[in-house]
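To keep things clear, I will list the structure first and then write my remarks on it.
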Amino acid sequence: MMRILTVTDIRELIQVVGMENFFKRIIAALEEDFGRWNEFILSPRHGTYYPQGVIELMHCADQQLYAFKYVNGYPGNPLKGKLNVVAIGLLSDADNGYPLMLSEMTLLTAFRTAAAGVLAAKYLAREDAKSLAIIGAGAQAEFQVLAFAGFFQLEEVRFFDTDPQAMVKFSRNLAGQEFRLIPCGSIVEAVRYADIVITATAAKKRQSLFEFEDISPGTYIHAMGGDCPGKTELSAEFLKQVKLVVEYKPQSLVEGEVQQCAADLIYAELWELVCKNKPGRQNSQEITLFDSVGFALEDYSILRVVYELAKEYQLGTESYLIPELNDPKNLFGLLNL
């Protein structure tokens, strides 16, 4: 039998474990898995592109587990009352190829994307970071902020979105947090003097959200909104002036901010920082940028965490989606015709 986890099950899991503890589990798993990078079978995701969006398959495996995710990216969906990103994922036993768990991954993708940004920040942001700015207050925004707030002693969060209703939603969802929420009238107002900047816009186009002179020395930037060919949030000139870290070069050079650049502009892949092959932030003044497009290893990490927790707390439904046979050569006999 395999375990099936719905949106309701994931909500219950978060309630049982607690959001802050859940983020800590994910970040720890990500650091562990990036730290054993060479044990994985890795490849860029496969994308099928349409004028209105993209549908992608992302897979990653080691010798114990195989994981894949089906995910879309349709920036116009919110105008139709649908999510920009929806996903489902599957975890399998690599020893026999049998699926272990089928799970919703729309929520989990938001969690793991935020957690990956925090993991990179552990190596690239200043330890004393206290202010965060987020550009884009859509479906991913609250996850991003709460993940960073669990790792840094944030005192204020400044935010901007071209959609005033998204800003209202963001304020409502984060009301009562210990940090101050400061709505801003422009991107530049939000990012100026911020220690951490998150770019989380959805528009599928080339953008230059802000210029190098708009940010302060020592800023860490989590650029997670540019995640497909033709979609960027910062200019090529901007990228030349920062320390650039990516998840996986073969994928990032096609989909990330660095699609605008030569590969030699990239300082490191994240695993190289985790494994101490290269230093992360080297002084308090340098500006660092994590060009995060979302990589299948991150889905592997969160799926294995969720599978462990689901078994521990007896969550989800056991289902016979795979035939159970006394004679594995007699599949036809299952029909009893």
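Where does the stretch 255-300 land on Rg/Rh, using Cα atoms and the Kirkwood Rh?
Result for the stretch 255-300 is an Rg/Rh of 0.98.
For the Cα atoms of the chain, what angle does the longest principal axis make with the long axis of helix 106-124, in degrees from 0 to 90, nearest 10?
Long axis of 106-124 versus the principal axis of the chain: about 50 degrees.
Taking 0.36 nm per residue of separation and subtracting the Cα-Cα distance, what length does fully extending residue 205 through residue 313 add?
34.6 nm is the gain from fully extending residue 205 to residue 313.
At 0.692 mPa s and 37 °C, plugging the Kirkwood radius over alpha-carbon pairs of the chain into Stokes-Einstein gives what diffusion coefficient in µm²/s?
159
Once the Cβ-Cβ distance between residue 320 and residue 127 is put in as r, and R0 is 45 Å, what FRET efficiency do you end up with, to the nearest 0.05?
It comes out at approximately 0.35.
Which residue fluctuates most in the GNM of the chain (Cα springs below 10 Å): 319, 103, 292?
Sorting by GNM fluctuation, first place goes to 319.
Under a crude label model (7 Å from the Cα following the beta-carbon direction), how far is residue 327 from residue 275 in nanometres?
The modelled label-to-label distance comes out at 5.0 nm.
Between residue 52 and residue 14, what is the label-to-label distance in nm when each label sits 7 Å out along the Cα-to-Cβ direction?
Label-label distance for residue 52 and residue 14, simple model: 2.7 nm.
Grab the eigenvalues of the alpha-carbon gyration tensor for the stretch 124-294, scale each by 5, take roots, and send me the semi-axes largest first in whole angstrom.
Semi-axes, largest first: 25, 19, 14 Å.
Across the stretch 92-204, how large is the tail of the calculated P(r) beyond 21 Å, expressed as a percent of all Cα pairs? Don't skip to the answer; put the middle values down first.
Numbers: 2522 of 6328 pairs.
Cα-Cα pairs in the stretch 92-204 separated by more than 21 Å: 40 percent.
Once you compute Rg and the Kirkwood Rh from C-alpha atoms, what is the Rg to Rh ratio for the stretch 41-92?
1.09
At 7 Å along Cα-to-Cβ for each site, give me the label-to-label distance between residue 79 and residue 213 in nm.
Reported label-point gap for residue 79 and residue 213 is 3.4 nm.
Among all the lysines, which ones have a C-alpha under 30 Å from residue 169's C-alpha, if same-chain residues fewer than 8 places away are not counted?
Straight-distance partners of residue 169: 24, 69, 80, 82, 122, 130, 204, 205, 231.
Provide the gained length on full extension for the span residue 21 to residue 286, in nm with one decimal, where the gain is 0.36 nm per separating residue minus the Cα-Cα distance. Let's see the in-between values first.
Values: separation 265, 0.36 × 265 = 95.40 nm, distance 3.10 nm.
Here the answer is 92.3 nm.
Per-residue counts of other Cβ atoms within 10 Å, averaged by peptide: what ranking do you get for 196-202, 8-14, 216-222, 24-30, highest first?
Descending mean neighbour count gives 196-202, 216-222, 24-30, 8-14.
Would you give the gap between the C-alpha center of the stretch 296-325 and the C-alpha center of the stretch 24-48, rounded to a whole Å?
Cα centres, the stretch 296-325 to the stretch 24-48: 17 Å.
Please give the length that would be gained between residue 241 and residue 262 if that part of the chain were fully extended, namely 0.36 nm times their separation in residues minus their C-alpha to C-alpha distance (nm, one decimal).
Result for the pair: 6.2 nm of gain on full extension.
When averaged across all projection directions, what area in nm² does the alpha-carbon convex hull of the stretch 171-272 cover?
Working: hull surface 30.4 nm².
For the stretch 171-272, the mean projected area of the Cα convex hull comes to 7.6 nm².
Taking the stretch 240-337, how much of its Cα-Cα pair set, in percent, is spaced more than 22 angstrom apart? Working shown, then result.
Numbers: 2646 of 4753 pairs.
Every Cα pair in the stretch 240-337 considered, those over 22 Å come to 56 percent.
Count neighbours as other Cβ atoms within 10 Å of each site's Cβ, and list the GluC sites (Glu not before Pro) in the stretch 157-228 that are DSSP loop with at most 16 such neighbours.
In loop regions of the stretch 157-228 (DSSP not H, G, I, E or B), the sparsely surrounded GluC sites (Glu not before Pro) are 178, 211.
So which trypsin sites (Lys or Arg not before Pro) in the stretch 244-337 end up in coil per DSSP with only 10 or fewer other C-beta atoms within 10 Å?
Answer by residue number: 276, 329.
Based on the Cβ-Cβ distance of residue 36 and residue 336, what FRET efficiency does E = 1/(1 + (r/R0)^6) give at R0 = 45 Å, to the nearest 0.05?
With a Förster radius of 45 Å, E is 0.45.
Convex hull over the Cα atoms of the stretch 1-119, averaged projected area in nm²? Intermediate results must be reported in sequence, preceding the final value.
On the way: hull surface 34.9 nm².
Over all viewing directions, the stretch 1-119 projects a mean Cα-hull area of 8.7 nm².
For every helix of n ≥ 4 consecutive DSSP H residues, a contribution of -39,500 (n - 2.57) applies; sum these over the chain, divide by its total residues, and give [θ] at 222 nm rounded to the nearest 500 deg cm²/dmol.
Mean residue ellipticity at 222 nm (helix-derived): -9000 deg cm²/dmol.
Mind checking which of 67, 120, 139 has the largest fluctuation in a GNM of the chain, springs on alpha carbons under 10 Å?
Most flexible of the set in this elastic network: 139.
Rule-based calculations on the coordinates, nothing more; no lab input. This structure is a prediction, so every number in the text was calculated from the model and none was measured. FYI the Cβ positions are ideal-geometry reconstructions off the backbone, even for glycines, and counts take in every protein chain you see.
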